[in-house]
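Engineer: To start, I am sharing the structure in question, which I have written as structure tokens.
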Amino acid sequence: MFSSLTHFDIAEDDMNIPLHVLFGDRPHPNYQSKPATNVYVHVNPDQADHMLVDPAYKLEKLKEGHERLEALVRTMHRVEKESKIHFSLPVVTSKTLYSNWYAIEKSIRRLDRIFLKVEKFQARQFIDAENHDRREQRMLARKRDRWTDNYTYFFGGLTEEEQMYRDYFQTDIEEDPEDDKQEELMDELNIAQIGEFTFDKYEFVETSLMDQAHDPLLDIVGRKIFKFKYRLNNDGIDTYLRRTERVLKRQLGRAKKRDSHIDDNIDELLER
């Protein structure tokens, strides 16, 4: 049997034994290591003889050994989990690297959504077999209209393939609209719930000074902007929604009470 716990985990490290002393008639390395993950079941001579002649008895002893080993492993993991000191030093990184990492995580989720759409479009004949012919004819008819009698120019990131997807699944999109902004917000909420981007886990320094002892560079405005940009990663969802609602209300209030002179026409001002 083999254990996931080594002898070192239970205070018994690998034992280096000099085999050249035991076997002097042939060359051997000076030192070899005993396997650290083997599990041995000790039995008396009578039990050993019984195991040699009775396979059922041998399997019973092996089963008993596996059960005891599983109990030992679970106990060690439970003790380690309850006795572990929850303390970790912050990771030294830069704001640029943090921003790039965050953008990469969002891009991965966006690519996953695009990949699911591509798979859905390629398997469209199996998703709704009853309406497949009708949807396919509608999609091809609109494609002919775009390229036969018209010159189509796509903008805003739209492509012909995505337009074909929208034409085919038009009814589904009308019932359940696909909003990129909403999906991006859900991605940000999902990343925030993971907790890997909490500021407490990082120490932001300049990349060129990462290996040098230095005082943190003071950039009050930049620090506040950076904190506000990634506020969702540090605030809980409830706190984020409550504060965002307050920001929007006050922003609308300032817009309604803004100075009327700000809206004056420049041409009229110059004529005066």
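Engineer: For Phe197, all conditions in the list (1) modelled with pLDDT of 85 or more; (2) exposed (fewer than 14 other Cβ atoms within 10 Å of the Cβ) hold save one; what is the number of the exception?
Structural biologist: Phe197 satisfies all of (1) modelled with pLDDT of 85 or more; (2) exposed (fewer than 14 other Cβ atoms within 10 Å of the Cβ) except (2).
Engineer: So which residues in region 252-272 are surrounded by 10 or more Cβ atoms within 10 Å (Cβ to Cβ) and outside any loop (DSSP other than H, G, I, E, B)?
Structural biologist: Listed by number, the residues that qualify are Leu252, Gly253.
Engineer: Find the residue count for region 43-95, including only residues that are among the hydrophobic types (A, V, I, L, M, F, W, C), closer than 30 Å to Glu206 by Cβ and surrounded by fewer than 12 Cβ atoms within 10 Å (Cβ to Cβ).
Structural biologist: Count: 3.
Engineer: Now for a separate question. Quick one: in region 233-243, which of the residues that are part of a helix (DSSP H, G or I), of a type outside the set (A, V, I, L, M, F, W, C) and under 17 Å from Asp187 (Cα atoms) is nearest to the chain's Cα centre (by Cα)?
Structural biologist: So, considering only residues that are part of a helix (DSSP H, G or I), of a type outside the set (A, V, I, L, M, F, W, C) and under 17 Å from Asp187 (Cα atoms), the one nearest to the chain's Cα centre (by Cα) is Asn233.
Engineer: Quick one: which residue in Val41, Val73, Val79 is at pLDDT below 85, assigned to a loop (DSSP other than H, G, I, E, B) and not assigned by TED's automatic domain parsing to the domain that holds Glu203?
Structural biologist: Unique residue meeting the criteria: Val41.
The values are calculated or read from the model by the stated rules, or taken from the named source; none is laboratory data. Model, not experiment: these values are computed from the prediction. Note: ideal-geometry Cβ built from the backbone for every residue, glycine included; neighbour counts use all protein chains shown.
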